[in-house]
1. For the chain, report the convex hull volume of the alpha-carbon atoms normalised per residue, in Å³, without decimals.
2. As a quick test, which of the pairs K58/K84; K47/K98; K36/K134; K109/K163; K46/K84; K98/K142 have an alpha carbon distance above 29 angstrom in this structure?
3. What is the spin-label model distance, in nm, from K100 to Y82 if the labels are put 7 Å beyond Cα along the C-beta direction?
4. What number, in percent, do you get for the relative contact order of the chain if the mean sequence gap of Cα pairs under 8 Å and at least 6 apart is divided by its residue count?
5. Spin-label point model (7 Å from Cα, Cβ direction): what's the E120 to R64 distance in nm?
6. Once the Cα atoms of helix 79-133 and of the chain are each reduced to a long axis, what angle between those two axes, in degrees from 0 to 90 to the nearest 10, is obtained?
7. Taking the Cβ of S72 as the centre, find all other residues whose Cβ is under 14 Å away and add up their charges (Lys, Arg: +1; Asp, Glu: -1).
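Just so it is clear, none of the values below were taken in a lab; they were calculated from the coordinates. Predicted model only: the values in this text are computed from it and were never measured. All Cβ positions, glycine included, derive from the backbone under ideal geometry; neighbour counts span all protein chains shown.
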Amino acid sequence: MKKFFFLTTILLFYFTSSFAEMPSFIDFNKVLNSSKAGAEAQKKLKKEFENKTNKYKKIEADIRKEETKIISLKKTITNEEYQKKVGELRQRVADLQKNKKASFQKIAKSRNDARTTLLETVNPILKQYMKKNKIRIIIDKKSILVGDSDLEITDQIIVILNKELSSLKIN
């Protein structure tokens with residue numbers, strides 16, 4: 001009987017302490033987009049993307065005008081000259097597409113690098129927060145179907161991150 005009472009007490013204590021440790025969850029997208037460093041990086045990258053897009057739209061419009069001009073000259077110039085001008089125009093279009101692709105890949109790489117840097121900074125913050133608040137597990141919010149909003153720690157992590165990292169270097 002003493003063994004049964006002792007075993008029951010230990011099991012009850014174990015299950016009570018296990019249920020007392022609730023997992024927490026965090027919205028990483030919100031951390032990445034709402035923190036000072038993340039929001040600043042997003043703003044810079046968006047501005048760079050818009051500038052590149054406008055630059056390439058202008059070049060494309062110039063190429064279209066030149067194409068129209070070449071087509072209008074078709075009957076007034078020789079076939080060799082026409083083919084030469086068409087070949088040059090095609091080369092310009094190919095160069096434009098190559099440069100456009102390289103520019104947008106560079107922006108995408110910068111965005112991924114900034115995200116990686118931010119996540120590398122958040123990881124030790126999360127570990128320290130877990131240790132301080134005796135949290136055993138933190139789950140990404142997108143993996144949770146339904147959860148108590150009291151278990152979300154996103155805003156606390158953003159406050160800590162803003163203190164530790166005010167901006168990101170973007171290449």
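1. 167 Å³
2. K46/K84; K98/K142
3. The answer from the label model is 2.7 nm.
4. 50 percent
5. Placing both labels 7 Å along Cα→Cβ, they lie 4.3 nm apart.
6. Roughly 10 degrees between the two axes.
7. Summing Lys and Arg as +1 and Asp and Glu as -1 gives +3.
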